[in-house]
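To start, the structure itself, in structure tokens.
The values are calculated or read from the model by the stated rules, or taken from the named source; none is laboratory data. None of these values were measured; they are calculated from a predicted model. Please note: Cβ atoms are built from the backbone with ideal geometry, for glycine as well, and neighbour counts cover all protein chains shown. Please note that ligands, DNA and RNA were not included when accessible areas were found on the heavy atoms of the full protein model with its side chains. Shrake-Rupley method; radii C 1.70, N 1.55, O 1.52, S 1.80 Å.
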Amino acid sequence: MRSDALNPLFAEVDTLDGVGTKLKKPLDRLGLTRVKDVAYHLPERFVSRRAVQNLDEAGEGEQIVIALTPTEHRASRNQRGPYRVLAQDAVGNVLALTYFGRASYNAKKQLPVGEKRWVAGKLERYGDMLQIVHPDHVLEEGGESLGHLCEPVYRLSEGLTQPLIGKLVAQALERLPDLSEWIEPSQLDAQQWPNWRDALHLAHRGEHEAARDRLAYDEMLANALALMLVRADNRKRQGQPLHGDGRLRDKLALPFPLTGAQTRSIAEIEGDLAQQSPMLRLLQGDVGAGKTVVALEAMLIAVEAGAQAALLAPTELLARQHYETLRRMAAPTGANIAILTGRDKGKAREATLMGLMDGSIDIVVGTHALFQDQVAYRDLALVVIDEQHRFGVSQRLMLASKGKRTPHVLAMTATPIPRTLTLAQYGELDVSKLDELPPGRQPIDTRVVGIERLDEVVSGIARHIEGGGQAYWVCPMVRDSEEGDTAAAEARFAALRERFGDDVAMVHGQLASELKDAAMERFVSGDAKLLVATTVIEVGVDVPNATLMVIEQAERFGLAQLHQLRGRVGRGSEKSVCLLLRSGELSETSRARLALMRETQDGFRLAEEDLRLRGGGELLGTRQSGDAPFQLATLEQITRLLPVAHDDACLLVERDGGLDGERGNAARVLLYLLERDFGVRTLRGG
Ligand code: ADP
Ligand code: MG
């Protein structure tokens, strides 16, 4: 049960004064739906501004507060142009206060001509005019107090302003209850951290490292604790020991011998499966290392032991492909393999559900539809999760209860996660590594090419296709916008069709599923020669005959992602080429990043470099998707404090045997506060 003390924090955001239907939407867009979310909406940065008598005292780019008198309002002639209010300072200098879009409504009310106002904002130059765009504050009086002040700057969405959100934060902070301390007192002393409530107050007030550290530590402690409880619970659970007799695996007619790393990983998995306590193992192997075969062998062990296995894929596309591949490879074994995704409907779906229930289906491949309530298994004993980094933490660990007993779990990833981060995501976990690529792979020839050479690139593709090859064309990533990605792909597709006609196919996330399938099928069968795609092909897609890839606006992608994408080629013994198209002007960093792509094919090195350059976001999952284990903790804090939090959680669980005792109870509150209560649930044996 959640402690009552937390109720005010979990109240809906509209219980704050001033939040009605109008504000709810923009708050929603920021993910601020409850009072607690507002309290934890920490400033992105702080500004300190200077009060100046007149503009001669201020420098361009400076944050200032100044008294101004509006002289004229100028609406722009066209709809989209800015709205300007001209104003004079005390000595007659003229300045424009510039507003875009709906912000001009406020300007009209707040800045009547001829009346003095205090204005705070950043002084800029536009042409030969000084201006402040969207001032942070416009006040009738009391402006002096805005100077010398260190003020928080919050992330906003349209419809919100800094003062508005500032007021909501203040209210939310007032509602913080007094909570007992969950951090070890000696730790708190040594670090000189404030208590939880003070830490939140301080973090909103200024750059306060100790406060930020403490809040980040809370998050890491909660996470470590939850994972540890889940893991301890997992060990206690009754799994199903699976002993395969090899009768199906012997019939597998693989077209290649397994690599040493594959054989070793399979043996490690086989050892785990034979145990009573459920396996929780991560299989790490760079793109193209051959994880699918390992998964197949593991699933066949389960089938040999008379049970069922499921393979969970992050996308429909990948699920379909795995289904085809596994069916082809496993045909000689006679194992019955089915597919189940959100799209499979009607009779076919009914038949699959029946087969899973009566046990006539041995292996099922699918998306998260595999774990919906209506899906019942006769005896699900092994769950393989492909490209695990695409799934949320709780999803990964909570798959549990579908079988009669807790199934064994094998999570596969191509992302070489450094140990600190593995710890963050899974707690302690057994790891198998495919550190050896199948023989005969040639390095991918990677080149960086300017977009101005587009015509040459297209001609190159034409030659490649004439020679019997196939190619991918990956379209630019438009930041945080699936529609943008789609538009870019559609446009490129249209252009390339002019040249290549029916040889071109296209896939992107917003295409109707039948069209997606049809396009993929045409490409896999070799009927289509060129596949224009968004990053939907990033994971798993395997067409060995495609040996040329073009990635447009490559500088927009993260290194780890480029590496994944590039991993779609170089999958056979043919020489492969990857062209990174870059747009005109590149920053120093972008240049260096693309150069590194050219230089190395070592996924681990690229991932680490990505971490260094961009922070942990990409490896840890996107923050917005709710996938990331941490909202507050930065990569630097994770590196520095996670091991401490981990040890602390260990002590707490082992010494108190769970979450009893005074500090244990406080920690329980923390788990609810930071919504890691799936950890608590395991305590109740749920
Ligand atoms: P990933 O680890 O990226 O999931 P896949 O399982 O898709 O890699 O395998 C990549 C390609 O390598 C596939 O075409 C697969 O058939 C092939 N492959 C896998 N294992 C071997 C091996 N031991 N020898 C040769 N080719 C292999
Ligand atoms: Mg794969």
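Can you tell me which residue in the stretch 282-323 is nearest to residue 444 (Cα to Cα), limited to those that are at pLDDT below 90 and of a type in the set (D, E, K, R)? So, considering only residues that are at pLDDT below 90 and of a type in the set (D, E, K, R), the one nearest to residue 444 (Cα to Cα) is 286.
All conditions in (1) open to solvent by 10 Å² or more (accessible area, probe 1.4 Å); (2) at pLDDT 85 or above hold for residue 664, with the sole exception of (1).
Here is a check on your reading of the model: is residue 554 more than 16 Å from ligand 1 (Cβ to nearest atom) and within 20 Å of residue 596 (Cβ to Cβ)? Yes, satisfied. Tell me, yes or no, whether the stretch 135-151 has at least one residue that is of a type in the set (Ser, Thr, Tyr), closer than 23 Å to residue 67 by Cβ and either open to solvent by 20 Å² or more (accessible area, probe 1.4 Å) or in a helix (DSSP H, G or I) (or both). So far as the stretch 135-151 goes, yes, one or more of its residues are of a type in the set (Ser, Thr, Tyr), closer than 23 Å to residue 67 by Cβ and either open to solvent by 20 Å² or more (accessible area, probe 1.4 Å) or in a helix (DSSP H, G or I) (or both). Within the stretch 265-294, residues that are under 21 Å from residue 365 (Cβ atoms) and without any contact (Cβ under 8 Å) to a residue 40 or more places away in the chain reach partners that are more than 7 Å from ligand 1 (Cβ to nearest atom) and open to solvent by 10 Å² or more (accessible area, probe 1.4 Å) with beta carbons closer than 6 Å, at six or more positions or on different chains, in the pairs 266/297.
Need a quick list: helices (runs of 4 or more DSSP H) entirely within the stretch 271-388 having at least 3 residues that are within 16 Å of ligand 1 (Cβ to nearest atom) and open to solvent by less than 10 Å² (accessible area, probe 1.4 Å).
Numbers: elements: 291-304, 316-330, 346-358.
Those helices (runs of 4 or more DSSP H) span 291-304, 316-330.
Hey, does the stretch 113-136 have a residue that's within 30 Å of residue 29 (Cα to Cα) and without any contact (Cβ under 8 Å) to a residue 24 or more places away in the chain? No, every residue in the stretch 113-136 fails to be within 30 Å of residue 29 (Cα to Cα) and without any contact (Cβ under 8 Å) to a residue 24 or more places away in the chain. Pairing residues of the stretch 488-506 that are assigned by TED's automatic domain parsing to the domain that holds residue 466 and closer than 14 Å to residue 462 by Cα with residues that are at pLDDT 95 or above and outside any helix (DSSP H, G or I), at Cβ distances under 6 Å and at least 6 apart in sequence or on separate chains, gives 496/504; 497/504; 500/530; 503/529; 503/530; 504/530.
Please verify whether the stretch 229-238 includes one or more residues that are within 16 Å of ligand 1 (Cβ to nearest atom) and of a type in the set (D, E, K, R).
Step one: list which residues in the stretch 229-238 are within 16 Å of ligand 1 (Cβ to nearest atom), which gives none.
There is no residue in the stretch 229-238 that is within 16 Å of ligand 1 (Cβ to nearest atom) and of a type in the set (D, E, K, R).
Residue 145 meets the conditions (1) over 21 Å from residue 85 (Cβ atoms); (2) in contact with a Gly (Cβ under 8 Å, 6 or more places away or on another chain); (3) small (Gly, Ala, Ser) in every case but one. The failed one is (2).
Here's the yes/no breakdown for (1) closer than 30 Å to residue 259 by Cβ; (2) at pLDDT 90 or above:
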| position | (1), (2) |
| --- | --- |
| 427 | yes, no |
| 460 | no, yes |
| 473 | no, yes |
| 488 | no, no |
| 493 | no, yes |
| 515 | no, no |
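Can you tell me which residue is most open to solvent (accessible area, probe 1.4 Å) among those in the stretch 486-514 that are closer than 13 Å to residue 533 by Cβ and in a helix (DSSP H, G or I)? Even if it seems obvious, please write down each step before you answer.
Within the stretch 486-514, the subset closer than 13 Å to residue 533 by Cβ is 486, 488-490, 492-493, 496, 504-511.
Retained after the next criterion (residues that are in a helix (DSSP H, G or I)): 486, 488-490, 492-493, 496.
On the way: 486: 15, 488: 25, 489: 0, 490: 77, 492: 46, 493: 35, 496: 7 Å².
Filtering the stretch 486-514 for residues that are closer than 13 Å to residue 533 by Cβ and in a helix (DSSP H, G or I), the one most open to solvent (accessible area, probe 1.4 Å) comes out as 490.
Residues considered: 130, 176, 164. Of these, the only one that is aliphatic (A, V, I, L, M) and either modelled with pLDDT under 85 or closer than 30 Å to residue 660 by Cα (or both) is 176.
If the condition is being within 28 Å of residue 633 (Cβ to Cβ) and touching a helix residue (DSSP H, G or I) at 6+ places or on another chain (Cβ under 7 Å), then the stretch 20-36 contributes 27, 31, 32, 33, 34, 35, 36.
Could you say which residue among 237, 231, 197, 205 is buried (at least 18 other Cβ atoms within 10 Å of the Cβ) and of a type in the set (D, E, K, R)? Can you show your working first?
Working: 237 fails: buried (at least 18 other Cβ atoms within 10 Å of the Cβ); 197 fails: buried (at least 18 other Cβ atoms within 10 Å of the Cβ); 205 fails: buried (at least 18 other Cβ atoms within 10 Å of the Cβ).
Criteria check complete, one pass: 231.
Given the condition at positive phi and not aliphatic (A, V, I, L, M), answer yes or no: does some residue in the stretch 511-534 qualify?
The initial filter retains those residues of the stretch 511-534 that are at positive phi, namely 526.
Adding the requirement that they be not aliphatic (A, V, I, L, M) leaves 526.
Checked the stretch 511-534: at least one residue is at positive phi and not aliphatic (A, V, I, L, M).
Applying the set (1) within 16 Å of ligand 2 (Cβ to nearest atom); (2) among the hydrophobic types (A, V, I, L, M, F, W, C); (3) at pLDDT 90 or above to residue 412 leaves exactly one unmet item: (3).
Any residue in the stretch 44-61 that is charged (D, E, K, R), surrounded by fewer than 20 Cβ atoms within 10 Å (Cβ to Cβ) and within 30 Å of residue 219 (Cα to Cα)?
Step one: list which residues in the stretch 44-61 are charged (D, E, K, R), which gives 44-45, 49-50, 56-57, 60.
From what's left, surrounded by fewer than 20 Cβ atoms within 10 Å (Cβ to Cβ): 44-45, 50, 56-57, 60.
Now narrow it down to the ones that are within 30 Å of residue 219 (Cα to Cα): 44-45.
Yes: one or more hits.
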